[in-house]
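Participant: Can you read through this structure? Questions will come right after.
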Amino acid sequence: MSRPETLPSSLRKKKRYIAFEILSEEDIDFGDLINALWSSILDLFGEVNTGEIDFWLVKDAWRKKTKRGLIKCSHRHVSEVRLAMALINRIGESEVSIRSLGVSGTMKSAKKKYFGEKDLSNFEN
Amino acid sequence: MFIRFKYKLKDRMDMNFYDLYVPVDDIEEAVETAMKMNFSGIGPAHRYDNKKMLNKYLEEMDNLGGDLDIDLVRCCEIKADNPRDMKNKIGKTRQKVDVILVKGGNFDINTAATRDRRVDILLHPEHRRKDTGMDHKTAKMAAEKNVTIGFVMHDLHQTYGKVRSHVINHIRKSIELCEKYGVQFIVVSGARDIYGMRGPRELASLPKVLGVDPSKAMDTVSTVPHKIVKNNRKKLGGRIKKGGVERL
């Protein structure tokens with residue numbers, strides 16, 4: 001199937017990745033997390049502004065064991081996402097507190113910095 | 001340009017973050033969570049009821065604060081029915097605690113608190129009201145008497161939909177008044193348990209989203225509360241005399 005080509009970097013929208021950690025006693029279901037984040041952000045900013053924020057929860061980056069994950073958003077709206085995260089106090093049935101670990105420009109560096117994952121591309125022997 | 005940015009970044013990293021209103025039951029657990037969230041200081045607030053309870057709270061704080069990496073601030077929340085009651089309670093607690101917080105909401109209390117130099121922070125003046133709980137006169141007086149306005153994140157956790165939008169709107173209007181008259185304001189979590197606690201950057205995102213300059217928004221959780229604590233400790237230690245003269 002044909003796909004549109006990736007835009008040149010000058011035309012691409014700038015983005016940021018927010019690494020977060022969930023403080024809770026119970027395990028968190030990823031589906032519940034998506035619902036909680038989307039409903040919080042939609043309630044707070046409405047449909048039009050949420051479009052501008054360009055919010056996306058990265059599924060591959062969710063670590064169930066450590067309850068850490070990555071949120072992708074526009075580089076101008078990091079604080080909006082942080083506020084929406086701060087207003088969540090319940091995911092599914094469990095009481096939670098979400099704290100942001102930091103912000104990064106790429107997924108690779110976010111995982112390296114905040115998840116402690118090692119880059120093995122230059123691994124010798 | 002690059003060097004300027006680098007220094008700015010360094011300044012940000014050296015910041016001392018404070019949350020001065022955390023009225024939790026389990027102080028130890030709250031302190032542990034605050035350390036995880038990179039706070040330099042936390043104020044597990046005690047709601048003043050009687051002298052005996054206050055002394056018990058102070059004793060607990062003294063026992064905890066010995067070998068911690070975090071600054072434990074002794075905060076007392078005053079909930080009063082009328083201005084007279086408020087003044088009475090402040091008189092009993094001022095010399096014993098670092099920070100005095102007055103719970104707002106009642107307009108008479110809001111006005112009386114902004115006129116009293118002994119008050120450090122007036123908490124949520126818009127609490128359970130259909131207006132901001134502040135007018136230009138209260139704002140002017142607060143600036144003159146050095147009373148800080150505190151906005152509580154817990155109020156947003158407790159509400160949703162229409163009511164939350166009203167609360168946010170009232171906070172926005174109060175911030176506008178504060179900026180116009182030079183009143184200092186801070187954002188506190190007001191957490192009742194550890195799940196209500198939020199990190200410093202999450203707290204700062206509230207004024208940032210409401211249109212406050214980003215560096216000023218960060219000051220609401222760092223410079224402003226730190227200054228309040230520092231100045232009060234100097235005053236309580238007898239280093240600042242009446243009239244603002246400091247003994248070096």
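Participant: Using the Cα centre of the stretch B:14-236 as the reference point, and only Cβ charges (+1 on K/R, -1 on D/E), how large is the resulting charge dipole? Debye, rounded to the nearest 20.
Facilitator: Values: 38 positive and 32 negative charges, 233 e Å.
My answer is approximately 1120 debye.
Participant: Additional query: Could you work out, residue by residue across A:87-100, how many beta carbons of other chains sit within 10 Å of that residue's beta carbon, and then give the average as an integer? If you can, show how the numbers build up before the last one.
Facilitator: Values: counts 10, 1, 9, 2, 0, 0, 0, 1, 4, 1, 12, 4, 10, 6.
Going residue by residue through A:87-100 and averaging, the value is 4.
Participant: If you wrap the protein assembly as shown's Cα atoms in a convex hull and average its projection over all directions, what's the area in nm²?
Facilitator: Details: hull surface 98.5 nm².
Here the figure is 24.6 nm², rounded to one decimal.
Participant: Shifting gears a bit: Among B:24, A:48, B:147, rank each residue by its count of other Cβ atoms within 10 Å, from fewest to most, as a rough exposure measure.
Facilitator: A:48, B:24, B:147
Participant: Cα convex hull of the stretch B:93-172: mean projected area in nm², to one decimal?
Facilitator: On the way: hull surface 21.4 nm².
The Cα convex hull of the stretch B:93-172, projected and averaged over all directions, gives 5.3 nm².
Participant: Okay, moving on. List, largest first, the extents of the alpha carbons of the stretch B:55-105 along their principal axes, each in whole Å.
Facilitator: Computed over the stretch B:55-105, the largest-to-smallest principal extents equal 40, 20, 14 Å.
Participant: Still on this structure, I have one more. What's the longest piece of chain A with no exposed GluC sites (Glu not before Pro), counting a site as exposed if DSSP puts it in a loop and it has at most 14 other beta carbons within 10 Å? Don't jump to the answer; show the numbers that get you there.
Facilitator: Numbers: sites that count: A:5, A:25, A:26, A:93, A:117, A:124.
Within chain A, the longest run free of exposed GluC sites (Glu not before Pro) spans A:27-92.
Participant: Which ordering of B:18, A:114 is given by a fewest-first count of other beta-carbon atoms within 10 Å?
Facilitator: Values: B:18 27, A:114 22.
Lowest count first: A:114, B:18.
Participant: Now a separate question. Using all C-alpha to C-alpha distances in chain B, build P(r) with 10 Å bins and read off the rounded percent in each one.
Facilitator: Pair shares across the bins are 7, 32, 38, 19, 3, 0.
Participant: For chain B, what's the relative contact order in percent, using C-alpha pairs closer than 8 Å and at least 6 residues apart? Could you put the intermediate results ahead of the total?
Facilitator: Details: 406 pairs, mean separation 49.4, N = 248.
This gives 20 percent for chain B.
Participant: Tell me, what ³J(HN,Hα) does each residue in the stretch A:72-89 have, in order and in whole Hz, if you take phi through Karplus 6.51 cos²θ - 1.76 cosθ + 1.60 with θ = phi - 60° and put x for Gly and Pro?
Facilitator: In residue order, the calculated couplings are 9, 8, 5, 5, 8, 10, 5, 5, 5, 5, 4, 5, 4, 5, 5, 7, 8, 10 Hz.
Participant: Net charge near residue A:15: determine it from the other residues with C-beta under 9 Å of the C-beta of residue A:15, scoring Lys and Arg +1 and Asp and Glu -1. Can you show the working numbers first?
Facilitator: Numbers: positive: A:12, A:13, A:14, A:16, A:72; negative: A:54.
Neighbour charge sum, excluding residue A:15 itself: +4.
Participant: In the structure shown, do any of A:67/A:118; A:15/B:216; A:59/A:111; A:72/B:162 have a Cα-Cα gap over 21 Å, and if so which? Don't skip to the answer; put the middle values down first.
Facilitator: Details: A:67/A:118 18 Å; A:15/B:216 24 Å; A:59/A:111 13 Å; A:72/B:162 28 Å.
Beyond 21 Å: A:15/B:216; A:72/B:162.
Participant: Could you give me the percent of Cα pairs per 10 Å distance bin for chain A, shortest bin first, beginning at zero and ending with the bin that holds the maximum distance?
Facilitator: Distribution as computed: 12, 40, 32, 13, 3, 0 percent.
Participant: What net charge is computed for the residues neighbouring residue B:113, neighbours being all others with C-beta under 11 Å from the C-beta of residue B:113, Lys and Arg scored +1, Asp and Glu -1? Provide the component values of the computation, followed by the final result.
Facilitator: On the way: positive: B:87, B:103, B:115, B:117, B:118, B:145; negative: B:108, B:116, B:120.
Value of the local net charge: +3.
Participant: Tally Lys/Arg at +1 and Asp/Glu at -1 over every other residue whose Cβ is under 14 Å from the Cβ of residue B:126; what's the total?
Facilitator: Values: positive: B:103, B:128, B:129, B:130, B:164, B:172, B:173; negative: B:131, B:135, B:155, B:176.
Taking every other residue near residue B:126 into account, the sum is +3.
Participant: Now for a separate question. Taking amide H positions as placed in the peptide plane 1.01 Å from N, state which residues far from residue B:17 in sequence (5 or more) or on other chains have amide H under 5 Å from it.
Facilitator: When sequence neighbours closer than 5 places are left aside, the close amide H contacts are B:40, B:41.
Participant: Find how many whole Å separate the alpha carbon centroid of the stretch A:1-77 from the alpha carbon centroid of the stretch B:136-150.
Facilitator: Value for the Cα centre distance between the two parts: 40 Å.
Participant: Now a separate question. Where does each of B:108, B:81 land when they are ranked from fewest to most other beta-carbon atoms within 10 angstrom? Please list the in-between numbers first.
Facilitator: Values: B:108 13, B:81 10.
Ascending number of Cβ neighbours within 10 Å: B:81, B:108.
Participant: Could you give the distance between the Cα centres of the stretch B:193-234 and the stretch B:57-84, to the whole Å?
Facilitator: Going from one Cα centre to the other spans 19 Å.
Coordinate-derived values only; no laboratory data. Quick caveat: nothing in here was measured; it's all calculated off a predicted structure. A quick note on method: Cβ atoms are made from the backbone with ideal geometry, for glycine too, and the neighbour counts reach across all protein chains shown.
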